[in-house]
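The values are calculated or read from the model by the stated rules, or taken from the named source; none is laboratory data. Quick caveat: nothing in here was measured; it's all calculated off a predicted structure. Cβ atoms come from the backbone with ideal geometry, glycine included; neighbour counts cover every protein chain shown. What goes into the accessible areas is simple: the full protein's heavy atoms, side chains included, and nothing from ligands, DNA or RNA. Shrake-Rupley method; radii C 1.70, N 1.55, O 1.52, S 1.80 Å.
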Amino acid sequence: MKFTLSWLKDHLDTSADAATVAAALTDLGLEVEEVADPVGRLGAFTIARVIEAVPHPNADRLRLCRVATWPAGPGGPMEEVQVVCGAPNARTGMVGIFAPPGTRIPGTGVDLRPGMIRGVASNGMLCSERELELSEDHDGIIELPGDAPLGARYIDWAGLNDPVIHIKVTPNRPDALGVRGIARDLAARGLGVLKPQPRAAPAGRFPCPVTVAIDPVLKARGCPLFAGRLVRGVTNGPSPVWLQRRLRAIGLRPISALVDITNFFTFDRNRPLHVFDAARIAGGLRIHPAAGGERLVALDGKTYALAPGMMLISDDAGPESLAGIMGGEASGVTAATTEVFIESAYWDPLTVAATGRALRIGSDARYRFERGVDPEDTVPGLEAATAMVLELCGGEASALAVDGAVPDNSRSYGFDSGRLKRLVGLDLPEAAQRATLAALGFRLVGDRAHPPSWRPDIQGEADLVEEVARIASLAGLQGVPLPRPAPGVARPVLTAAQRREGMARRTAAALGYSECVTYSFIDAAAAALFGGGAGACRLDNPISSEMTHLRPDLLPGLLRAAARNQARGFADLALFEVGPAFSGGEPGEETAMVAGLRVGAAGPRDPHGSRRAVDVFDARADAEAVLAAAGAPARLQVGRAAQGWWHPGRAGTLALGPRVLAAFGELHPRVLAALDVRGPAVAFTLWPAAIPAPRSRTIARPALRLSDYQTVERDFAFVLDARVEAAAVVTAAQGADKALIAEVRVFDEFAGARAEAQLGAGRKSLAITVRLEPRDRTLTEAEIEAVSARVVDKVARATGGVLRA
Amino acid sequence: MDGLEALRARYLGEIGAAADEAALEAVRLAALGRKGEISLRMRKLGGMDPEARKVAGPALNGLRDEVEAALRARRAALADAVLEARLQAEWLDVTLPARPRPGGSIHPVSQVMEELTAIFADMGFAVAEGPQVETDWHNFDALNIPPEHPARQEHDTFFLHRLEGDNRPPHVLRTHTSPVQIRAMLAQGAPLRVIAPGRVYRMDMDQTHTPMFHQVEGLAIDRDISMAQLKWVLEEFCRAFFEVEGVELRFRASHFPFTEPSAEVDIRCSWAGGQLKIGEGDDWLEILGSGMVHPHVLRSGGVDPAQWQGFAFGMGIDRIAMLKYGIPDLRAFFESDLRWLRHYGFAALEVPTLPGGLSR
């Protein structure tokens, strides 16, 4: 919402300057976005006289002007400046507008500098209206009357020295979409006195020939009130300068007196109007729901197809206007209009909003009606507009044509002056609170406050407190300590899951991964690679084709990030993310995940030969470390990962029975190719919520039990089928004596072509060490031999492995 | 006992001359070995008459001890020389790079969330969570933003696709963390103190907007909580978060459908030299929106507005991270550029705590 300071002063008797007004508005909740002071833009332009204009010696279309300027203002010494000018109307003796070098020309955005034009010095500029952004006129330079004060600032003489204030109006304040509403707030604050608004009542000279009728369906809701009147014998020329200037100042283009008048009332008192060329209305006007399929060419020149239920204004020939949103082109006023029908109606906000959104039309009328205009101003607004039409365009007015009535929005809320202190913490006497409400238009009857008709947002007692607090100002509110819920040392607040997630994050970073935050939505192709892309996870209105689906997994985002980093020359990466992944489109169909991705080598090249490609066992080590930090038990079963994005032979899972806690492995080469990642690439993903919570939270540790007897380690090497898994050998060995064997660890694998050459096709060798930890006495050699024999036997039975000779 | 002096001179001389461990061992065997010269003489002591033994015994023992000591000393000297020589040979270029030990990093958003948690936990706020996909009731209606209300259109909402035949209103990606207010109230009732940090989504992408960003919501409900206490909590938060003693906040009336009265909160700052300094200067920077919880919102959360009242606030986590740590561009938060992650990220063990300070 934009307005000028002088416009505000039409409604507010105040001596406040723009800066004071702006500060008060921001504090009142009408946040000022910008105060555009024309002095900054146009202050350097002064009134000057052309002493002599002669043809340019080197160019036919240019003229050489000697210009009299008064740099110190009127009454100061005159200074003659030479200016080369291309305007056809530049001539000796004319009075125009001069800009010295150093001035920024608003219309072109160019900073003026002294220069040579076709070999002749030019030290300033004589300006056109377009260069000053006064109009589109660029046919010649501005010619001022001969008696214009030489040396004076042009904006002062022309009355353009009027700051424009741009405020952001929150959706609850439709009244502030009119200058009058803004003035009322400022008056309540004490920044001036609200001027009375005399009610115009131009007499009706003849019955209105255009009848109006609201369809009964709409009278209850949609269009409770529709009023209009006809003015005949009007001349629709340009509007007067003051009106054009105001509209231009707030960014509107003056069109014609009739149209400008409607725009004026839209901004002056938030009363949108529409004007029909009455000669183009066939019969009466009917306000009715569209049947569907009607077409209307609106004032923006576009054709709109109407859906059933949209509100229309039609005459006998068909649709003429989109109610409350935009008029139709066919019945719009033109320069030739002599009979005008002025419409003022109260349209239901929700209906207008729905239609406007469906048709994608944004207009000043829709913007206001959907926020809520003052229903009681429907007829007074029409009268004021009629008076202005009569004044500016002449003619005589008909009687009013009205259907419907002002809807009853009367309501009241209990006013309790103590609530201000209890809710906000401000102290203000009751009388002052009542005065504030009265200044805002509330009617106070006993302890009931009746909101004014222009404040649809007031819907409860809390709103009364807000109004009083807002006008009193929240700036002076003093903080009051909020005690802790319980006295003493602050209690811990995080849940087990939150602690778990934090530990997982810090551990991943400690392992060398850099944390990323990638978008929760990814492209369809990437989602499909990771089992996603279902319709339920699709966004209806994605912002780009790269962000169409909720991610089923964190890895696609990390892989895309890796590809971008590789393109920048970073080949070795470790990235991780902690965040939600989605299994569906319902609330709650999401799981917190931790995912890590390593690409390239485990480190940079170095002189110690430590560089090696990352592999599946890096990913598994990381997964295990993060799981442990997140509270997973130490012994997990290793399975094989089956999802399609893993390498089928080089990926696994870590599980507790049927519950999979994590997956790790090499990523499938096809997935890497599809996402432009150059391998090797390994990853882990884990689900913190799958980690079982400890059954009971015991803080004390179990007792440490140490054996005083010597532990014994024995090594075994088995020859096995190449596809026998180490886990099978370890499990079998452990089973040889559960009490005595403390640990079985694989310490060597000999597999591949060389192994097969020695051990036979399809064979490999696996070496384990078994640690025996006696509890009650030192083992004898015979006992150790007996356990060793059982280990060999168990492994042989379980895996077919034989002790390597 | 004659010749002892000569023996002594000879062996001590040979010991001193021994050039290595082997030569020294040969001398030891010659003197003190089983058939060594001194050992043989000591064996003969048994055959001597007592008087002579009385003289020869101590002399021989003394000689043996002296030779043994000389051997030990020489052995130590030889070992020292060997070690010295080895150390002289064992030269390495210590200016070679160390073995790489890549360090990871924590994203500024996570770090700032932990800072928020540390500060608000001390004031008794727990951390609440809610889903990213929300019903339109939780995201809008419950928060006093009815359908067709202009405020609803201003949210630039992402809608989930509805499958054919599913005629429910479409779910949304939450446009703010405020629906967590509703979920927390429904789950825990009053009194209540929570913050709710998390991802939020708006259909907006330009120089200063990304379609996903982070907010933190704050909610405190009790019998008599006032806006003045809201101001104190925010002042305390800003002082602790920005690590500046003299923080000054300014409340300014505004409108949010879910609070009443509502206030935008500005913080005093200076932009002198293009650098933001909180707590000094003459500029005001808008940092968050807040207000007293609207009765409609309390009712939506199953809390009786006649019994309970409270405050709520919401602010951008990415934004306060940018302000605090001087990070210039929001879009870079989500681009995962390794250079950015390392530069603006935090070390794994740099956990923000109140006793240790939030930042290093």
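A quick yes/no check of all residues on (1) more than 30 Å from A:ARG280 (Cβ to Cβ); (2) in contact with a strand residue (DSSP E or B) (Cβ under 6 Å, 6 or more places away or on another chain); (3) buried (at least 20 other Cβ atoms within 10 Å of the Cβ):
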site: A:GLU131; (1), (2), (3): yes, yes, yes
site: A:PRO163; (1), (2), (3): yes, yes, yes
site: A:LYS168; (1), (2), (3): yes, yes, no
site: A:ASP175; (1), (2), (3): yes, no, yes
site: A:ARG189; (1), (2), (3): yes, no, no
site: A:PRO198; (1), (2), (3): yes, no, no
site: A:ALA203; (1), (2), (3): no, no, no
site: A:PRO224; (1), (2), (3): no, yes, yes
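Taking segment A:88-110 only, how many residues are of a type in the set (A, V, I, L, M) and within 47 Å of the chain's Cα centre (by Cα)? So that I can check it myself, show each step before the final result.
From segment A:88-110, those of a type in the set (A, V, I, L, M) are A:90, A:94-95, A:97, A:99, A:105, A:110; that's our starting set.
Cutting the leftovers down to within 47 Å of the chain's Cα centre (by Cα) gives us A:97, A:99, A:105, A:110.
So the answer is 4.
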Among the helices (runs of 4 or more DSSP H) confined wholly to segment A:1-78, which include 2 or more residues that are in contact with a Lys or Arg (Cβ under 9 Å, 6 or more places away or on another chain) and within 23 Å of A:ARG153 (Cα to Cα)? A:5-11, A:38-42
May I ask you to verify whether B:VAL55 is open to solvent by less than 30 Å² (accessible area, probe 1.4 Å), closer than 18 Å to B:GLU5 by Cβ and away from every other protein chain (no Cβ under 14 Å)? no
Sort out which residues of segment B:169-192 are out of contact with any helix residue (DSSP H, G or I) (no Cβ under 8 Å at 6 or more places or on another chain), at the interface with chain A (Cβ under 10 Å from one of its Cβ atoms) and either open to solvent by 20 Å² or more (accessible area, probe 1.4 Å) or part of a loop (DSSP other than H, G, I, E, B) (or both), and write them in order of number. B:PRO191
Which residues, counting only those in segment A:251-281, are open to solvent by less than 40 Å² (accessible area, probe 1.4 Å), farther than 25 Å from A:LYS9 by Cα and of a type in the set (A, V, I, L, M, F, W, C)? A:VAL275, A:PHE276, A:ALA278, A:ILE281
Among A:ASP10, A:ASP17, A:ASP60, which is at pLDDT below 90 and open to solvent by 70 Å² or more (accessible area, probe 1.4 Å)? A:ASP60
Pick out the one residue from A:GLY381, A:GLY332 that is at pLDDT 95 or above and more than 23 Å from B:SER262 (Cβ to Cβ). A:GLY381
I'd like the full set of residues that are open to solvent by 40 Å² or more (accessible area, probe 1.4 Å), more than 11 Å from chain B (Cβ to nearest Cβ) and assigned to a loop (DSSP other than H, G, I, E, B), limited to segment A:506-537. A:GLY531
Restricting to segment A:466-505, what's the tally of residues that are charged (D, E, K, R), in contact (Cβ under 8 Å) with a residue 12 or more places away in the chain and either more than 9 Å from every other protein chain (Cβ to nearest Cβ) or open to solvent by less than 20 Å² (accessible area, probe 1.4 Å) (or both)? 4
Enumeration of residues in segment B:156-167 that are modelled with pLDDT of 90 or more and either in a strand (DSSP E or B) or basic (Lys, Arg) (or both): B:PHE159, B:LEU160
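From the list A:ALA641, A:ALA592, A:ALA601, A:ALA561, which one is open to solvent by less than 50 Å² (accessible area, probe 1.4 Å) and in contact with a Leu (Cβ under 8 Å, 6 or more places away or on another chain)? Before the answer, list the steps.
Details: A:ALA641 fails: in contact with a Leu (Cβ under 8 Å, 6 or more places away or on another chain); A:ALA592 fails: in contact with a Leu (Cβ under 8 Å, 6 or more places away or on another chain); A:ALA601 fails: in contact with a Leu (Cβ under 8 Å, 6 or more places away or on another chain).
Matching residue, one of A:ALA641, A:ALA592, A:ALA601, A:ALA561: A:ALA561.
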Select from segment B:21-34 the residues that are touching a helix residue (DSSP H, G or I) at 6+ places or on another chain (Cβ under 8 Å) and either among the β-branched types (Val, Ile, Thr) or loosely packed, with under 11 Cβ neighbours inside 10 Å (or both) and list them in ascending order. B:VAL27
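Somewhere in segment B:26-38, is a residue in the same structural domain as B:ARG10 (by TED's automatic domain parsing), assigned to a helix (DSSP H, G or I) and more than 19 Å from B:LEU12 (Cβ to Cβ)?
So in segment B:26-38, the residues in the same structural domain as B:ARG10 (by TED's automatic domain parsing) come out as B:26-38.
Adding the requirement that they be assigned to a helix (DSSP H, G or I) leaves B:26-32, B:37-38.
From what's left, more than 19 Å from B:LEU12 (Cβ to Cβ): none.
No, every residue in segment B:26-38 fails to be in the same structural domain as B:ARG10 (by TED's automatic domain parsing), assigned to a helix (DSSP H, G or I) and more than 19 Å from B:LEU12 (Cβ to Cβ).
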If you take the residues in segment A:378-398 that are among the β-branched types (Val, Ile, Thr) and more than 14 Å from A:ASN263 (Cα to Cα), which one is least open to solvent (accessible area, probe 1.4 Å)? A:THR378
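How about segment B:1-12: which of its residues are more than 20 Å from B:LEU45 (Cα to Cα) and loosely packed, with under 11 Cβ neighbours inside 10 Å?
Of segment B:1-12, the ones more than 20 Å from B:LEU45 (Cα to Cα) are B:9-12.
Answer for segment B:1-12, where residues must be more than 20 Å from B:LEU45 (Cα to Cα) and loosely packed, with under 11 Cβ neighbours inside 10 Å: just B:ALA9.
Listed residues A:ASP540, A:ASP553; which is more than 7 Å from every other protein chain (Cβ to nearest Cβ) and among the acidic types (Asp, Glu)?
When all the criteria are applied, what remains is A:ASP553.
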Apart from one, (1) facing chain A (nearest Cβ under 8 Å); (2) surrounded by fewer than 17 Cβ atoms within 10 Å (Cβ to Cβ); (3) farther than 30 Å from A:PRO171 by Cβ all hold for B:GLU154; the odd one out is (3)
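Of a type in the set (Lys, Arg), assigned to a loop (DSSP other than H, G, I, E, B) and open to solvent by 60 Å² or more (accessible area, probe 1.4 Å) - does that describe any residue in segment A:347-360? Break it down stepwise before answering.
Residues of segment A:347-360 that are of a type in the set (Lys, Arg), as a first pass: A:357, A:360.
Next, from what is left, pick out any that are assigned to a loop (DSSP other than H, G, I, E, B): A:360.
Then keep just the ones that are open to solvent by 60 Å² or more (accessible area, probe 1.4 Å); that gives A:360.
Yes; the residues of segment A:347-360 include at least one that is of a type in the set (Lys, Arg), assigned to a loop (DSSP other than H, G, I, E, B) and open to solvent by 60 Å² or more (accessible area, probe 1.4 Å).
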Out of A:ALA693, A:ALA663, A:ALA681, I need the residue that is of a type in the set (Gly, Ala, Ser) and open to solvent by 50 Å² or more (accessible area, probe 1.4 Å). Which one? A:ALA693
What number of residues within segment A:752-782 are open to solvent by less than 50 Å² (accessible area, probe 1.4 Å) and either among the hydrophobic types (A, V, I, L, M, F, W, C) or within 30 Å of A:ASP708 (Cβ to Cβ) (or both)? 11
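Tell me yes or no: at least one residue of segment A:44-63 is more than 30 Å from A:THR4 (Cα to Cα) and acidic (Asp, Glu). Write out each step before concluding.
Within segment A:44-63, the subset more than 30 Å from A:THR4 (Cα to Cα) is A:49-63.
From the residues that got through so far, the ones that are acidic (Asp, Glu) too are A:52, A:60.
Within segment A:44-63, one or more residues are more than 30 Å from A:THR4 (Cα to Cα) and acidic (Asp, Glu).
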I'd like to verify a number: residues in segment B:58-70 that are over 17 Å from B:ILE15 (Cα atoms) and open to solvent by less than 10 Å² (accessible area, probe 1.4 Å), how many? 1
Condition met for B:ARG43 (touching a residue at least 40 places away in the same chain (Cβ under 8 Å), more than 48 Å from the chain's Cα centre (by Cα) and open to solvent by 40 Å² or more (accessible area, probe 1.4 Å)): no
Just to be sure I understand the filter: pairs with C-beta atoms under 7 Å, separated by 6 or more residues or on different chains, first member in segment A:328-353 and within 14 Å of chain B (Cβ to nearest Cβ), second member open to solvent by 20 Å² or more (accessible area, probe 1.4 Å) and of a type outside the set (D, E, K, R). Which pairs pass? none
Please go through segment A:716-735 and give me each residue that is over 12 Å from A:VAL770 (Cβ atoms) and of a type in the set (S, T, N, Q), ordered by number. A:THR731
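For every residue, the table says whether it meets (1) free of Cβ contacts under 8 Å to residues at least 24 places away in the same chain; (2) open to solvent by less than 20 Å² (accessible area, probe 1.4 Å); (3) not assigned by TED's automatic domain parsing to the domain that holds B:LEU230.
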| site | (1), (2), (3) |
| --- | --- |
| B:PRO261 | no, yes, no |
| B:ILE267 | no, yes, no |
| B:ASP283 | yes, no, no |
| B:MET292 | no, yes, no |
| B:LEU298 | no, yes, no |
| B:TRP308 | no, no, no |
| B:ASP318 | no, yes, no |
| B:ARG342 | no, no, no |
| B:ARG360 | yes, no, yes |
